[in-house]
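Reading through the structure tokens given below for one structure.
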Amino acid sequence: MVFCPNCGSEVDEDSKFCGECGNSINTSPPANTQPESVEGVLGDLKSSGLGFKKKMDKYAHGEHRNIKRPEDCLYFINGLQGTLAIFEDYIEFDFSGGPVKKYLSRFGGVKKVYYHQINSIQKRDATEVINGTIEFELPGMAASAYTKNENLITFLPKYQDEADKIYEYVNNKILEINNAKSQPTQIVQNETSSMAKLKEAKELLDMGVITQEEFDEIKAKCLADI
């Protein structure tokens, strides 16, 4: 049974027009539309949400600006609070790039830190949802407070590879410095031990316990160990 949508009169199923008012009758069955699944709706929301987040992150990090990489730097990250440049002898923070960076860093200006001043480095990897961080621990530094920490940079996932290289490079620098610090102590210990043996050998020579040849042999060995 078919009714005219205009006047409500009953019409034949094969009629194209209403006999009462002349209105066109559409007898084609409605399209079979399936309701979208919950997973599909959530997927669309996640996709649109991540897209919005990425756009906001890029703007907050100043990716729309012309961020210049410093000359001669080995590695570089344009972070949320400022930029981080890695050089052979030091690292450099620049918190002066735009109002967002100045506000979030709460410091401003440029800061240079030499490797012997760094106790350790921490890295939190970036994911699709969460940005990564690189944090440097210096002597007397307060506990991490993220944006309030002047030795921390938050970076976008696009800089993950650069962050990995920075982490490895700085760790190696810290290890080299710590090894260099321990070498003078070892040298002093060797000198003290060799001189004590030489002094003892001289006393034995004076007492006639060992011969001059034996003393000369011990002396040559002690001097070689220094």
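Could you list, in sequence order, all residues of the stretch 210-225 that are among the aliphatic types (A, V, I, L, M) and surrounded by 13 or more Cβ atoms within 10 Å (Cβ to Cβ)?
Step one: of the stretch 210-225, the residues among the aliphatic types (A, V, I, L, M) are 210, 218, 220, 223-224.
Of everything in the stretch 210-225, those that are among the aliphatic types (A, V, I, L, M) and surrounded by 13 or more Cβ atoms within 10 Å (Cβ to Cβ) turn out to be Ile210, Ile218.
Condition first: part of a loop (DSSP other than H, G, I, E, B) and modelled with pLDDT of 90 or more. Can you find one or more residues in the stretch 89-101 that meet it?
Taking the stretch 89-101 and keeping what is part of a loop (DSSP other than H, G, I, E, B), we get 89, 95-98.
Now drop any that are not modelled with pLDDT of 90 or more, which leaves 89.
For the stretch 89-101, residues part of a loop (DSSP other than H, G, I, E, B) and modelled with pLDDT of 90 or more: present.
The values are calculated or read from the model by the stated rules, or taken from the named source; none is laboratory data. All figures in this text were calculated on a predicted structure; none of them were measured in a lab. Here the Cβ is made from the backbone with ideal geometry for all residues, glycine too, and neighbour counts use every protein chain on show.
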